[in-house]
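The values are calculated or read from the model by the stated rules, or taken from the named source; none is laboratory data. Bear in mind the structure is a predicted one, so any value in this text is a computation, not a measurement. All Cβ positions, even for glycine, are placed from backbone atoms using ideal geometry, and neighbour counts span all protein chains on display.
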Amino acid sequence: MRVLVTGGTGFTGSHLVRRLLKRGDAVRVLDNQPGLFAEELKALGAELTLGSITDAALLRRLVDGCEIVHHLAASFRQVNRPQSEYWEVNVEGTRRLCQAALASGVRRLVYCSTQGVHGNVDHPPGDEDTPIEPEDYYQYTKYQGEVVVNEFIEKGLEATTLRPMAIFGPGDPARFLMIYRRVAKGRFVMAGPGTAFYHPLYIDNLVDAFELAENAPAAVGRAYLIGDAEYVTIKDLVQRISQALGVKVRIVHVPFWPVYAVSGLCEVVFKPLPWEPPLFRRRADWFRQNRAFKIDRARAELGYEPRVGLDEGLRLTGEWYRQNGYI
Ligand SMILES: NC(=O)c1ccc[n+]([C@@H]2O[C@H](COP(=O)([O-])OP(=O)(O)OC[C@H]3O[C@@H](n4cnc5c(N)ncnc54)[C@H](OP(=O)(O)O)[C@@H]3O)[C@@H](O)[C@H]2O)c1
């Protein structure tokens, strides 16, 4: 089977590409940069194209002959980018990809959205019927990507949306690495009480969900929250990471709102500069927002069942960081 993975050299995409290659698929990868894994994926047999999800002619060429498209490319990690860039990549890029997929007769497109479309969950755990209330422009554009996908379903495209929780695992260069680094140093500064709920998702569990979404008959036109079997408070998460690493951590609490105010200020100060601000509101919100969901719909309709438990996932992730010199 020929499959296209957009965002395929990124953290999540590279894991998915490895799984598909192992399954025996012919895998095309589109990404705008080689990232950490391009050479490895090429050596494993992936056909890599560097280019943008906004390039309609390129998309037509890449989807040609593909049975499945997994769409993960997104403006995501970079903060302080103009809103127009988020819109162009996350919404218009999705539109051009759906257009190309519909025209070439792709059997199923799987769109990777985010739990973030629900924003803060007032009464956790939420589910897919929890109101759509994105809290920042990134999340807003990811939801608008869902709207676009649904428009194309009306036109005959078979597509499914996944809304992953907080993805972690070997190769994650960002959020979890920051937590691991602080825990490894033995001191973790917690803005606020650390009681907000957080729902992790080990990467292999998510890759299972992508595979299941390719075929499940009930999944067309449906959105699925995908997470691990358990969610935790962020204080608990820090402690579980300290256990996974076998190090003691001291959690030092500071008030949340001053941190949030400084984050907003950092965004303003760094706006004209080429560097990412050390603090920004999306990062500060990590300490405050409840993100915890039921995964019952994915279990019932996709047959999804998280195979890797939280402690095992945290241990494997810590091992990878140590082996690769990150901590
Ligand atoms: N990580 C999480 O916790 C999480 C949670 C929920 C949902 N998601 C979603 O999961 C997907 C994968 O996320 P990830 O964590 O694996 O992030 P990632 O490592 O940043 O992967 C996304 C890839 O897409 C690429 N990309 C960005 N703009 C592009 C463009 N115009 N054309 C082609 N490729 C482009 C990125 O390149 P650059 O690095 O150059 O931007 C990156 O290689 C995204 O759709 C994200 O919204 C992530």
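Data for the structure
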| quantity | calculated |
| --- | --- |
| Count - residues of the stretch 141-178 that are within 12 Å of the ligand (Cβ to nearest atom) and either more than 16 Å from GLY116 (Cβ to Cβ) or not in a loop (DSSP other than H, G, I, E, B) (or both) | 19 |
| Tally of residues being touching a helix residue (DSSP H, G or I) at 6+ places or on another chain (Cβ under 8 Å), modelled with pLDDT of 95 or more and within 13 Å of the ligand (Cβ to nearest atom) across the stretch 19-36 | 4 |
| Check on GLY145, more than 20 Å from the chain's Cα centre (by Cα) and in contact (Cβ under 8 Å) with a residue 12 or more places away in the chain | no |
| Residues of the stretch 81-100 satisfying the condition of being out of contact with any helix residue (DSSP H, G or I) (no Cβ under 6 Å at 6 or more places or on another chain), within 13 Å of the ligand (Cβ to nearest atom) and of a type in the set (S, T, N, Q) | SER84 |
| Condition broken by ASP55, with the remaining ones in (1) within 30 Å of ARG281 (Cα to Cα); (2) out of contact with any strand residue (DSSP E or B) (no Cβ under 7 Å at 6 or more places or on another chain); (3) near the ligand (Cβ under 9 Å from one of its atoms) satisfied | (1) |
| Count - residues of the stretch 236-266 that are more than 30 Å from ILE295 (Cα to Cα), outside any loop (DSSP other than H, G, I, E, B), out of contact with any strand residue (DSSP E or B) (no Cβ under 6 Å at 6 or more places or on another chain) and in contact (Cβ under 8 Å) with a residue 12 or more places away in the chain | 5 |
| Residue within the stretch 155-162 that is under 20 Å from LEU201 (Cα atoms), buried (at least 18 other Cβ atoms within 10 Å of the Cβ) and more than 15 Å from the chain's Cα centre (by Cα) present | yes |
| Condition check for VAL269: out of contact with any Lys or Arg (no Cβ under 9 Å at 6 or more places or on another chain) and either part of a helix (DSSP H, G or I) or surrounded by fewer than 20 Cβ atoms within 10 Å (Cβ to Cβ) (or both) | yes |
| The stretch 36-58 residues that are touching a residue at least 40 places away in the same chain (Cβ under 8 Å) and within 22 Å of TYR86 (Cβ to Cβ), paired with ones that are near the ligand (Cβ under 9 Å from one of its atoms) and hydrophobic (A, V, I, L, M, F, W, C) (beta carbon under 8 Å, 6 or more apart) | SER52/VAL89; ILE53/LEU30; ILE53/ALA73; ILE53/VAL89; THR54/VAL89 |
| Residue among ARG315, ARG291 that alone is closer than 28 Å to PHE37 by Cβ, in contact with a strand residue (DSSP E or B) (Cβ under 8 Å, 6 or more places away or on another chain) and surrounded by 15 or more Cβ atoms within 10 Å (Cβ to Cβ) | ARG291 |
| Qualifying positions in the stretch 215-235 - in a helix (DSSP H, G or I) and more than 17 Å from THR160 (Cβ to Cβ) | ILE234, LYS235 |
| Extreme residue, nearest to the ligand (Cβ to nearest atom), among residues of the stretch 101-140 that are of a type in the set (Ser, Thr, Tyr) and under 16 Å from THR6 (Cα atoms) | THR114 |
| Residue tally, condition crowded, with 16+ Cβ neighbours inside 10 Å and within 10 Å of the ligand (Cβ to nearest atom), over the stretch 71-80 | 6 |
| PHE188 being over 26 Å from THR9 (Cα atoms) and in contact with a helix residue (DSSP H, G or I) (Cβ under 8 Å, 6 or more places away or on another chain) | yes |
